[in-house]
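Here the structure comes first, spelled out in structure tokens, and everything after it is commentary.
The values are calculated or read from the model by the stated rules, or taken from the named source; none is laboratory data. Owing to the predicted nature of the structure, the values given are computational and were not obtained by experimental measurement. Neighbour counts run over all protein chains shown; Cβ positions are idealised from the backbone, glycine included. When the accessible area is computed, the model is the full protein with side chains, heavy atoms only, and any ligands, DNA or RNA have been set aside. Shrake-Rupley method; radii C 1.70, N 1.55, O 1.52, S 1.80 Å.
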Amino acid sequence: MNDNRSTGMTRRALLGAFAATTVVAAPTFANAAGFLRGAGDIRRIKMYSGRTGERLDMIYWIEGDYISDAFKEINHFMRDWRTDDVVKMDLRTVDIMAAAHNLMDVNEPYMLLSGYRSPKTNAMLRSRSGGVAKNSLHMRGQAADLRLASRSVNQMAKAASACHGGGVGRYSGSNFVHMDCGAVRSWGG
């Protein structure tokens, strides 16, 4: 005889409970979703910061819903580490980052070089380098500069470009790729 009583725990609730756990304890679903290609039901982002020593391994989207607690942690992680200012990162940028990571089929987390930049930080960087835009999308929480040890700048840029979600900049001399949710465009070499 079958017992059809409900336990009160749906798959969505169970996944949500896992996603809301601490960053380090998040479950592993390395190849679970096709993200921007419409396949899959889970989105995950994996990063570390050489500047702060922090690590993030976070499921932030389940079956069409963004997880607000996960995004609070992502926003904090991607803060301007120089000023400690935090803004709400644009969800589209994180989606592009996650989709590109998935397309590269790597388990290694991104090294986050720059997420949000305060106007003060952007002005300081601009005074030191001609490659920093005056109205950088970093100041709007719409861009990230990323690196992977196991992939070349060209491999990363090709994966990000395949998402057709925004701008992709190759910075081969500095070994990083810029990804943003602005207009679709590419630059650098």
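Residues that are closer than 20 Å to Met111 by Cβ, surrounded by fewer than 17 Cβ atoms within 10 Å (Cβ to Cβ) and not aliphatic (A, V, I, L, M) within segment 138-189 comprise Ser150, Ser152, Asn154, Gln155, Ser172, Gly173, Ser174, Asn175, Gly188, listed in sequence order. Given the criteria modelled with pLDDT under 95, farther than 22 Å from Gly165 by Cβ and outside any strand (DSSP E or B), does Gly40 qualify? For Gly40, the condition - modelled with pLDDT under 95, farther than 22 Å from Gly165 by Cβ and outside any strand (DSSP E or B) - is not met. Just so you know, in segment 106-137 the residues that are polar (S, T, N, Q) and open to solvent by 20 Å² or more (accessible area, probe 1.4 Å) include one that is modelled with the lowest pLDDT, and it is Ser129. Search segment 77-105 for residues being under 12 Å from the mean Cα position of the chain (by Cα) and surrounded by fewer than 18 Cβ atoms within 10 Å (Cβ to Cβ), and hand back the single one that is farthest from Cys163 (Cα to Cα). Filtering segment 77-105 for residues that are under 12 Å from the mean Cα position of the chain (by Cα) and surrounded by fewer than 18 Cβ atoms within 10 Å (Cβ to Cβ), the one farthest from Cys163 (Cα to Cα) comes out as Leu91. Could you give me the residue pairs with C-beta distances under 8 Å whose first residue belongs to segment 120-146 and is within 22 Å of His101 (Cβ to Cβ), whose second residue is open to solvent by 90 Å² or more (accessible area, probe 1.4 Å) wherever it lies, and which are 6+ apart or on separate chains? These pairs meet every condition: Gly141/Lys88; Gln142/Arg92.
Restricting Arg151, Arg92 to those that are in contact (Cβ under 8 Å) with a residue 40 or more places away in the chain and in a loop (DSSP other than H, G, I, E, B) reduces the list to Arg151.
When segment 46-71 is filtered for residues that are free of Cβ contacts under 8 Å to residues at least 40 places away in the same chain and surrounded by 13 or more Cβ atoms within 10 Å (Cβ to Cβ), the ones remaining, listed by number, are Glu54, Met58, Trp61, Tyr66, Phe71.
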